[in-house]
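K.L.:
Following this message is one structure expressed as structure tokens.
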Amino acid sequence: MRFYRRLSPIKAISFDLDDTLYSNSPVMIATETKMVAYFTQHLPNNSQNKYDYLFWLPYRDQALKENIELKHDVGELRLQSYYLGIKALGFSSSIALNIAKHALAYFVEQRSNFTVPEPIHHLLAQLKNHWPLIAISNGNVDTKAIGLADYFDAIFHAGNGLKQKPDFDMFNRACQQFNLKPQQLLHVGDCGLNDVLGAIRFGCQTAWISTYNVGEPIQLLPNIELTDVTELHRLI
């Protein structure tokens, strides 16, 4: 744990989820493989259609062109991408939407099909005894399925009117719900843009963790740099 700025008193801790409390990249790679198999089973199967990321990409671009606000809702964007791609294969609108909804449900199930390391459970249980804990995520992992939901007093996912980090929406909603001044919230995350810069600009204190080396590099120094998120127990 390295301190760049002195911590002022905190009244709650918020966490990013993916690549902060667990490594998400292997999960997403495995999920992509499962989705290719899923669509190969449920959609027309020929040599021209391999239902991987490249197949869906033009429909993702089309969905964003039709509604740029979908960039703030990864679940709805994926749903619309599936819908447009399936419809382009010749299915009616109603059938395409039905298939897309089932595919999205399967995707969320598979991207939430992993075990969070036991030290993370121990850390969150310890911290919960001292502060309210809040999840603030741009993604759509099912926190109940991965066994983390009960540690959090509130869980915010981008979408449904909440913009993705680094926009302020979820930080602001957390502070409003828990009657916090921004500086009373310590936000913990892996991305130098979404988590550190976004939280600092809103006025929060920050802890940056780069264990999995996938987030954007830091542009402003956080209060704390962590080599392992479990180092947070030293704040108790």
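K.L.:
Quick one: how many residues across the stretch 172-198 are within 15 Å of the chain's Cα centre (by Cα) and not in a strand (DSSP E or B)?
P.N.:
Total satisfying the criteria: 8.
K.L.:
Shifting gears a bit: Which of the residues that make up the stretch 94-120 are open to solvent by 50 Å² or more (accessible area, probe 1.4 Å) and either in contact with a Lys or Arg (Cβ under 9 Å, 6 or more places away or on another chain) or of a type outside the set (Ser, Thr, Tyr) (or both)?
P.N.:
95, 97, 98, 101, 102, 105, 106, 109, 113, 117, 118, 119 - these are the residues of the stretch 94-120 that are open to solvent by 50 Å² or more (accessible area, probe 1.4 Å) and either in contact with a Lys or Arg (Cβ under 9 Å, 6 or more places away or on another chain) or of a type outside the set (Ser, Thr, Tyr) (or both).
K.L.:
So residue 223 ticks every box in (1) more than 14 Å from residue 15 (Cβ to Cβ); (2) touching a residue at least 24 places away in the same chain (Cβ under 8 Å); (3) open to solvent by 20 Å² or more (accessible area, probe 1.4 Å) but one. Which box is left unticked?
P.N.:
For residue 223, the exception is condition (3).
K.L.:
Residue check, residue 236 against (1) closer than 23 Å to residue 124 by Cβ; (2) open to solvent by 20 Å² or more (accessible area, probe 1.4 Å); (3) aliphatic (A, V, I, L, M); (4) modelled with pLDDT of 95 or more, all met but one. Which one?
P.N.:
(4)
K.L.:
Oh, and also: Open to solvent by less than 50 Å² (accessible area, probe 1.4 Å) and among the acidic types (Asp, Glu): which single residue out of 153, 73, 61 fits that description?
P.N.:
Criteria check complete, one pass: 73.
K.L.:
I would also like to ask the following. Can you find even one residue in the stretch 4-24 that is under 19 Å from the mean Cα position of the chain (by Cα) and assigned to a helix (DSSP H, G or I)?
P.N.:
Taking every residue of the stretch 4-24 in turn, none turns out to be under 19 Å from the mean Cα position of the chain (by Cα) and assigned to a helix (DSSP H, G or I).
K.L.:
Identify, from the list 200, 218, the residue that is buried (at least 18 other Cβ atoms within 10 Å of the Cβ), under 23 Å from residue 24 (Cα atoms) and in contact (Cβ under 8 Å) with a residue 12 or more places away in the chain.
P.N.:
218
K.L.:
Could you figure out which of (1) farther than 19 Å from residue 209 by Cα; (2) modelled with pLDDT of 95 or more; (3) buried (at least 18 other Cβ atoms within 10 Å of the Cβ) isn't true of residue 159?
P.N.:
(2)
The values are calculated or read from the model by the stated rules, or taken from the named source; none is laboratory data. Keep in mind that what you see is a predicted model, and the values were worked out from it rather than measured. Heads up, the Cβs are rebuilt from the backbone with ideal geometry, glycines too, and the neighbour counts pull from every protein chain shown. Note: accessible area is taken over every heavy atom of the protein model, side chains too, but ligands, DNA and RNA are not part of it. Shrake-Rupley method; radii C 1.70, N 1.55, O 1.52, S 1.80 Å.
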